[in-house]
Every structure is written in structure tokens, then in C-alpha cells.
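Novice: One structure, pasted below without further comment.
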Amino acid sequence: MRATRKKIQSPWGGFIFVLPSVIAMAVFVYGMIGYTVVESLENRYNAYTTKVEFVGLINYIELWSDPEFTHALSNLLKFTAVFTAVYVFDGHKKRLKFNCIKLKINLLWPRRESNPYQKFR
């Protein structure tokens, strides 16, 4: 007599399997992003202050009107653009160099093409 297994077919199986990851991501990623946004809209000078008042977008208005911040942001954007361009160019240069080396090796020592369907003896 042969034993048979019953397959459990539930439309919720995949959802239940992924649910712990979805909950963890909701709490530790999106929950922390939300907490940071709420904290950024409050007026707090240090972590030990008990007096906290909601000021809204005033913090962001002050930040964007600060010349030191805008200067630092422009330097950051310039650095990012130059850094990315240099590394993209460098990677392209290395790829071209690798392809030239590969071409020279293939010209000097060509590989014999074997038939993948041929049986080994």
C-alpha cells in the first residue's frame, strides 16, 4: 500500500509566509521614517529637553535659507556628480581594456569549439 500526501493548498499560504517580513519592514523602515519626519517638525534643542513644541515647516524654511547649508549642499552635489562620472568612465575604460585583452588572447590561442551534444568516449 502506497502512502499519499495531501497537498495543502491555501490562497493565504504565500501571504502568511511573507507577513513577518512585511511587518518588520513596516515597523523598522517606514515606522522610523515617519518618526523622523515627526521629530523634524518639532522644536527640540537636545535629547533631554522635556519642553517640545510643534513648529511645522519652520525648521525646513530656516534650513534652506541658511547660506552655509546651501553651500554645503552644492558642494555635495558637485562632488557626487564628479565622483560618479569618474567611476563610470573608469569602469568603462576597464571594460574596454578587458575586452581588448580577451580579444588578443582569443586571436593568439583560439579555443576549439566542441559539440556539446557529442558523447564522450
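Coordinate-derived values only; no laboratory data. None of these values were measured; they are calculated from a predicted model. We place every Cβ from the backbone using ideal geometry, glycine too, and count neighbours over all the protein chains shown.
Novice: Using 0.36 nm per residue, how much length does the chain from PHE28 to ARG95 gain when fully extended, once their Cα-Cα distance is taken away? All intermediate terms of the calculation are to be shown ahead of the outcome.
Specialist: On the way: separation 67, 0.36 × 67 = 24.12 nm, distance 3.93 nm.
Gain on stretching PHE28 to ARG95: 20.2 nm.
Novice: What is the packing order of peptides 23-30, 47-54, taking the mean over residues of other C-beta atoms within 10 Å and listing the highest first? Intermediate values should be presented prior to the final figure.
Specialist: On the way: 23-30: 10.1, 47-54: 7.5.
The packing order, highest mean first, is 23-30, 47-54.
Novice: Still on this structure, please answer the following. Along Cα→Cβ, 7 Å out, is where each label goes; now give me the distance between the ones at TYR45 and LEU63 in nm to one decimal.
Specialist: 2.0
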